[in-house]
Amino acid sequence: MTSSSDRSLTVGIEGPKTYDIRTYGCQMNVHDSERLSGLLEEAGYVRAPKEADGADVVVFNTCAVRENADNKLYGNLGHLAPMKTARPGMQIAVGGCLAQKDRDTIVKRAPWVDVVFGTHNIGKLPVLLERARVQQEAQVEIAESLEAFPSTLPTRRESAYAAWVSISVGCNNTCTFCIVPALRGKEEDRRPGDILAEIEALVAEGVSEITLLGQNVNAYGSDLGDREAFSKLLRACGSIDGLERVRFTSPHPRDFTDDVIAAMAETPNVMPQLHMPLQSGSDPILKAMRRSYRQERFLGIIEKVRAAIPHAAISTDIIVGFPGETEEDFEQTMHVVREARFANAFTFQYSKRPGTPAAEMDGQIPKEVVQARYERLVALQEEISWDENKKQVGRTLDVMVAEGEGRKDGATHRLSGRAPDNRLVHFTKPDEDVRPGDVVTVEITYAAPHHLLAEGPTTAVRRTRAGDAWEKRTAAAAAKPAGVLLGLPQIGVPAPSRRPTPRLAAPATDGARAGRTGRGRLTGPG
């Protein structure tokens with residue numbers, strides 16, 4: 001509960017201050033950053049323009065599973081040190097998984113940091129910034145358990161047409177390469193009614209695509225005592241009028257049951273796309289990783305999904321060079337890749353992550369061996385991705401127009417978007433106006449390993465409520481005067497809000513927790 005002394009700290013921020021949030025890591029962090037933006041804007045801050053030299057508040061939302069995460073953070077903090085010296089009112093905050101792990105170490109190594117907060121108390125950022133300003137000393141506050149379910153926090157969504165919806169937080173797995181469960185805590189599930197209410201509110205605002213998000217998304221229901229809760233949730237999404245596309249990330253093979261496959265196949269707005277983290281094709285390595293499935297079980301899931309949803313695009317995460325991996329183990333991974341024929345894969349070289357059991361295991365693989373295996377895997381997956389994309393040539397697809405997906409769209413006079421199976425499609429710009437969130441019908445004429453092309457004329461353009469929402473938001477942003485104060489800062493965890501969330505990104509959360517312990521490469525479309 002917020003104390004009266006906390007409330008007194010609302011006095012003192014003069015005029016609108018700008019903020020900049022720098023996000024590293026998985027979709028969970030991306031979604032958390034949207035909540036941090038919502039919190040700061042509700043407290044009276046405004047987002048710093050991209051062309052600005054520096055913001056009044058810079059927030060780092062960190063990841064603890066990427067290679068050299070610590071060095072990257074301290075390098076960025078060091079870059080800001082002279083800027084902060086030149087601007088005494090500037091504040092720097094560090095949150096996320098690395099903050100949860102390192103705690104007081106951050107302020108010791110970078111004493112110019114003003115606030116350190118963890119994964120469980122992101123709602124406290126505004127009050128911690130104000131305390132640091134008033135007391136003129138760093139504030140380090142790391143909660144050991146969740147203070148409020150994140151979806152009760154205000155959120156500044158990055159997209160008007162696509163949104164993340166968290167259905168759970170935390171993870172009950174004990175994968176030996178992953179430190180995230182220790183930092184995010186045990187799994188806690190939201191009530192289905194709360195999830196569906198958030199989705200309905202999003203759709204009312206114009207969102208037409210949502211992604212259900214969890215560290216282990218298809219384990220949803222374990223905290224509620226209902227093993228079929230996830231498939232029931234997918235089916236319930238199918239009854240929401242105006243919701244055109246439903247995706248989810250990231251499932252775990254252990255919890256991927258037949259009722260989920262049936263719900264995917266039988267619910268029209270659940271998209272024919274599945275990200276299923278493999279990590280390794282070797283049974284001994286999977287056992288050492290504490291992944292509670294084996295090769296036969298994994299390939300069986302792929303076979304069932306393909307039988308029920310023939311056009312499904314399946315992607316995965318793979319770690320190369322896990323401790324003890326032999327050439328035979330690696331060949332088993334290559335075998336699964338050949339059999340599964342993934343549309344794309346996020347491939348990673350294993351690297352030690354302090355605090356994980358795998359970091360202390362015998363049989364650490366020499367760097368040159370890992371590199372050679374990695375290159376062989378990437379070459380194989382590249383070939384498969386291209387072959388699978390070539391099968392799309394001649395198909396007519398409905399593509400949801402996206403914002404910022406095609407880096408060369410301006411030069412090529414094309415637009416870009418996502419097919420139902422999430423493949424990236426670049427298409428010829430039609431004569432009529434098309435907005436992000438609208439849907440175009442195109443015929444695929446060419447396939448590359450990482451994208452599809454529709455070089456002919458657009459068959460149809462469907463203007464959507466999602467496109468209307470994007471247009472309205474863009475016009476409002478252009479009309480809003482710079483430097484408008486959004487209201488007095490509010491201290492403490494805000495009241496529940498139904499302004500939900502986010503923007504769709506690519507790989508799966510399990511991959512962010514797991515495969516991303518090493519250097520990563522995406523192979524395949526998108």
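Observations on the structure shown:
- If you take the Cα centroid of the stretch 173-193 and the Cα centroid of the stretch 324-371, the two points sit 23 Å apart.
- Mean-position separation - Cα centroids, the stretch 437-477 and the stretch 218-237, in angstrom: 32
- Residue-count net charge about residue 282 - beta-carbon cut-off 10 Å; Lys, Arg +1, Asp, Glu -1: -3
- The H on the amide N of residue 248, modeled in the peptide plane, is under 5 Å from the matching H of 212, each at least 5 residues off or on a different chain.
- Stretched out straight at 0.36 nm per residue, the stretch from residue 460 to residue 227 would grow longer than its current Cα-Cα span by 79.7 nm.
- Gyration tensor verdict on the stretch 123-256 (Cα atoms; rounded if a/c is under 1.5, prolate if a/b is larger than b/c, oblate otherwise): oblate
- Spacing of the modelled spin labels on residue 259 and residue 87, each 7 Å from Cα toward Cβ, amounts to 5.3 nm.
- Largest to smallest principal axis extent of the C-alpha atoms in the chain, angstrom: 62, 62, 48
- The value of relative contact order for the chain, using C-alpha pairs under 8 Å at least six residues apart, is 20 percent.
- Accessible carbon and sulfur surface of the stretch 203-289 relative to its total accessible area, %, 1.4 Å: 47
- Around residue 397: net Lys/Arg minus Asp/Glu count, Cβ-Cβ under 11 Å: 0
- Nitroxide proxy distance, nm - points 7 Å out along Cα→Cβ at residue 109 and residue 468: 5.1
- Here residue 352 is the anchor, and the aspartates and glutamates within straight C-alpha reach of less than 15 Å, apart from those fewer than 8 places off in the same chain, are 67, 70, 325, 360, 362.
- Accessible area expressed per residue, the chain, with surrounding protein chains retained (probe 1.4 Å, Å²): 41
- Cα-based reach from residue 390 at 18 Å (exclusive), listing aspartates and glutamates while leaving out same-chain residues under 8 positions away: 339, 382, 398, 421, 443, 455
The values are calculated or read from the model by the stated rules, or taken from the named source; none is laboratory data. Everything numeric here is computed off the predicted structure, so don't read it as measured data. Cβ atoms come from the backbone with ideal geometry, glycine included; neighbour counts cover every protein chain shown. When the accessible area is computed, the model is the full protein with side chains, heavy atoms only, and any ligands, DNA or RNA have been set aside. Shrake-Rupley method; radii C 1.70, N 1.55, O 1.52, S 1.80 Å.
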